[in-house]
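Colleague: Quick one: the structure is below, questions incoming.
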Amino acid sequence: MNAIDEKNIDFYEDHSFTGTEEYHRVTIIKKFLITDGALHMAEKLKCFWFMDMIASYLSELEKMGKDFSCIYFIKKDSGGIFTITGGNDKVLIEQEIEYTDITQNLRVFNIFDGSYWVALLPSEY
């Protein structure tokens, strides 16, 4: 597991989102919500699978006692690497994705407030 070097990666960004007006439920996990900006990214890039992957690891993050994480998808050849860090360089979870048609590198923050996990774009933090 390698640390993410954010300085050398071009991530999808949309700075027009600096907060959210509404929270959206996009997976079957009821305690996982996303912001307006994260919803816009999922719709624009057709990457709801990325949100599903985040939701699938929430119980592991809770077991680790994490209430904040940075989540990445780094494009590599025809697939990529899905990575969750604790908001620092420490990789907590990593999964290889064999194939995706997505062309962008992705990054969201994930925050747990004790009741809900919320995925948001860095500009919304």
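Any read-out appearing in this document is the output of simple, stated calculations on the displayed coordinates, not a laboratory observation. Values in this document were obtained by computation on a predicted structure and should not be read as measured data. Please note: Cβ atoms are built from the backbone with ideal geometry, for glycine as well, and neighbour counts cover all protein chains shown.
Colleague: With 10 angstrom as the radius, rank Leu45, Leu92 by how many other C-beta atoms surround their C-beta, starting from the fewest.
Modeller: Result, fewest neighbours first: Leu45, Leu92.
Colleague: If we count other beta carbons within 10 Å of each Cβ, what is the order of Thr27, Thr103, Thr35, fewest first?
Modeller: So the residues, fewest neighbours to most, are Thr103, Thr27, Thr35.
Colleague: Under a straight-distance cross-link criterion of Cα-Cα below 21 Å, which lysines are reachable from Lys75, leaving out those fewer than 8 residues away in the same chain?
Modeller: Correct list for Lys75: Lys7, Lys44, Lys46, Lys90.
Colleague: Full-extension gain between Ser16 and Lys44, please, as 0.36 nm times their residue separation minus the C-alpha to C-alpha distance.
Modeller: Stretched fully, the Ser16-Lys44 segment lengthens by 8.7 nm.
Colleague: Based on Cβ point charges of +1 for Lys and Arg and -1 for Asp and Glu, what charge dipole magnitude is obtained for the chain about its Cα centre, in debye rounded to the nearest 20? Before the final figure, lay out the partial values.
Modeller: Numbers: 12 positive and 21 negative charges, 51 e Å.
In debye, rounded to 20, the chain gives about 240.
Colleague: Please rank Tyr125, Tyr23, fewest neighbouring Cβ atoms within 10 Å first, as an exposure proxy.
Modeller: Ascending Cβ contact count within 10 Å gives the list Tyr125, Tyr23.
Colleague: When 1/r is averaged over all different Cα pairs and the result inverted, which Kirkwood radius in Å belongs to the stretch 24-124?
Modeller: 13.6
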